[in-house]
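Below you'll find the structure, written out as structure tokens, and then a few comments.
The values are calculated or read from the model by the stated rules, or taken from the named source; none is laboratory data. The structure displayed is predicted, hence computed values, not measured ones. Cβ sites come from the backbone with ideal geometry, for glycine too, and all protein chains shown count toward neighbours. Heavy atoms of the whole protein, side chains included, go into the accessibility calculation; ligands, DNA and RNA do not. Shrake-Rupley method; radii C 1.70, N 1.55, O 1.52, S 1.80 Å.
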Amino acid sequence: MILMVRRTRKEFTPYNGYKDRSFNIKWATAFAMEELTQGIEQNHQVAIQVNKKYPQMTTREIDQILYQSFNRQIPVAIQVNESDKNGHIVNEICGYFTGETLPYGIRLNQQWIAWQSIRHIRLLPKQKWSQIEDS
């Protein structure tokens, strides 16, 4: 014979002026915590990233690389003489050189880069169309 036990309703009786948050608020914070931890991890990755400082190139060396890039349609990576707020070298600017130059700079990716700010430039390996990911 199975004996049925009558269960009582569970209620929280506040004491010492404490009132617990509702269930909906607790879940909303749980979802926000995941986004917060992802943001913290991304900030950490940016903070520990240190770019290698390449040697300063001469104007002639820069011209030769740009000439090769333009004639062969090879992408380049340009390191500029700039640092971020932590004193780290900023990321390289990558793209195709279209041949547009002015006395004050060159154009790469719809952006003008001053000649005196170019620290180092290098050719990047060309990617085959089959290796390019959809964005």
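Of note:
- Consider the range 60-81 and keep the residues that are open to solvent by 90 Å² or more (accessible area, probe 1.4 Å) and more than 19 Å from ASN109 (Cβ to Cβ). The one that is nearest to the chain's Cα centre (by Cα) is GLN64.
- Restricting attention to the range 109-119, the residues that are within 17 Å of TYR54 (Cα to Cα) and open to solvent by 30 Å² or more (accessible area, probe 1.4 Å) total 3.
- The set of residues in the range 32-59 that are open to solvent by 90 Å² or more (accessible area, probe 1.4 Å), closer than 30 Å to ILE106 by Cα and of a type in the set (A, V, I, L, M) comprises VAL46, VAL50.
- Pick from the range 82-108, criterion open to solvent by 70 Å² or more (accessible area, probe 1.4 Å) and touching a Ser or Thr at 6+ places or on another chain (Cβ under 9 Å), ranking: farthest from ARG119 (Cα to Cα): TYR96
- Taking residues in the range 92-114 that are touching a residue at least 40 places away in the same chain (Cβ under 8 Å), and partners anywhere that are in a strand (DSSP E or B) and surrounded by 13 or more Cβ atoms within 10 Å (Cβ to Cβ), the pairs with Cβ atoms closer than 7 Å and at least 6 places apart or on different chains are GLU92/ALA77; GLU92/ILE78; GLU92/GLN79; ILE106/PHE97; ILE106/ILE113.
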